[in-house]
1. Going by the conditions given, is Lys4 farther than 29 Å from Glu110 by Cβ, free of Cβ contacts under 8 Å to residues at least 12 places away in the same chain and open to solvent by 30 Å² or more (accessible area, probe 1.4 Å)?
2. Which condition number in (1) open to solvent by 60 Å² or more (accessible area, probe 1.4 Å); (2) at pLDDT 85 or above; (3) within 27 Å of Tyr131 (Cα to Cα) is the one that Leu31 fails?
3. Which of (1) modelled with pLDDT under 85; (2) assigned to a helix (DSSP H, G or I); (3) open to solvent by 80 Å² or more (accessible area, probe 1.4 Å) does Ser24 not meet, given it meets every other one?
4. Inspect region 100-119 for any residue being in contact with a Lys or Arg (Cβ under 7 Å, 6 or more places away or on another chain), open to solvent by 50 Å² or more (accessible area, probe 1.4 Å) and either modelled with pLDDT of 70 or more or farther than 28 Å from Gln37 by Cβ (or both) and give the result as yes or no.
5. Looking at the structure I just gave you, is Ile9 of a type in the set (A, V, I, L, M) and in contact (Cβ under 8 Å) with a residue 24 or more places away in the chain?
6. In region 127-178, which residues are of a type in the set (Ser, Thr, Tyr) and modelled with pLDDT under 80?
7. Among the residues that make up region 75-92, is at least one of them surrounded by fewer than 12 Cβ atoms within 10 Å (Cβ to Cβ), closer than 20 Å to Val11 by Cα and modelled with pLDDT under 80?
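The values are calculated or read from the model by the stated rules, or taken from the named source; none is laboratory data. Everything numeric in this text was worked out from a predicted model, so none of it was measured. As a convention, Cβ positions derive from the backbone with ideal geometry for all residues, glycine included, and neighbour counts pool all protein chains shown. With ligands, DNA and RNA removed, areas are computed over all heavy atoms of the protein, side chains included. Shrake-Rupley method; radii C 1.70, N 1.55, O 1.52, S 1.80 Å.
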Amino acid sequence: MTPKDVFEILVREQAGMLTAFLRSLIRDPGLVDDLFQETLVIAWRKLDQYDKSRPFGPWLRGIAGRLVLAARRQLAKDCLFCDAEVLEHIEAQTSLLADQPGDTFEQKIECLRLCLADLPDHYRVAQQGRYAEQEIPCETLAERLAVPLETLKKRLQRGRVKLLECLQGKLRLAGVQR
């Protein structure tokens with residue numbers, strides 16, 4: 001197997017997680033695509049510097065994170081969500097997700113979809129409106145749902161807690177069934 005073949009396999013395994021990582025940091029979908037591609041180009045060029053004893057995903061996200069911070073310095077800051085501290089926090093959370101049982105990022109996303117479907121309606125509608133459907137601002141979503149803003153915020157908070165508990169349970173179960 002050639003280095004190119006190995007690189008393609010590793011990138012295929014990490015593409016979903018890398019995309020999610022970049023989308024959590026950047027508002028502009030075009031910039032997400034550009035930084036995704038640039039990350040892969042740099043990773044390919046520096047593949048000989050990759051420490052094979054360490055996980056590939058964090059190394060790839062490290063490259064992407066440096067590109068995000070460089071873009072933040074060069075571009076209008078309003079296209080990015082983060083600064084270095086936020087970037088470190090998101091990387092830590094992404095690594096925790098990557099360490100959970102479940103073979104692929106797509107399998108983990110499917111578990112999340114199942115958990116979302118199991119939420120009580122008022123929590124599910126709030127989560128979908130805020131996070132899945134074009135990130136509707138809380139004020140607008142509260143108006144659409146005809147609930148006070150604070151009620152919506154509490155539903156989002158409680159729904160996220162329920163999603164986390166469900167997801168952890170499903171991923172533990174997936175790890176046991178391997």
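1. Details: farther than 29 Å from Glu110 by Cβ: yes; free of Cβ contacts under 8 Å to residues at least 12 places away in the same chain: yes; open to solvent by 30 Å² or more (accessible area, probe 1.4 Å): yes.
Yes, satisfied.
2. If we test Leu31 against (1) open to solvent by 60 Å² or more (accessible area, probe 1.4 Å); (2) at pLDDT 85 or above; (3) within 27 Å of Tyr131 (Cα to Cα), just (1) comes out false.
3. (3)
4. yes
5. Values: of a type in the set (A, V, I, L, M): yes; in contact (Cβ under 8 Å) with a residue 24 or more places away in the chain: no.
For Ile9, the condition - of a type in the set (A, V, I, L, M) and in contact (Cβ under 8 Å) with a residue 24 or more places away in the chain - is not met.
6. Residues of region 127-178 that are of a type in the set (Ser, Thr, Tyr), as a first pass: 131, 140, 151.
Scanning region 127-178 gives a single hit, Tyr131.
7. Looking for residues that are surrounded by fewer than 12 Cβ atoms within 10 Å (Cβ to Cβ), closer than 20 Å to Val11 by Cα and modelled with pLDDT under 80, one finds at least one in region 75-92, hence yes.
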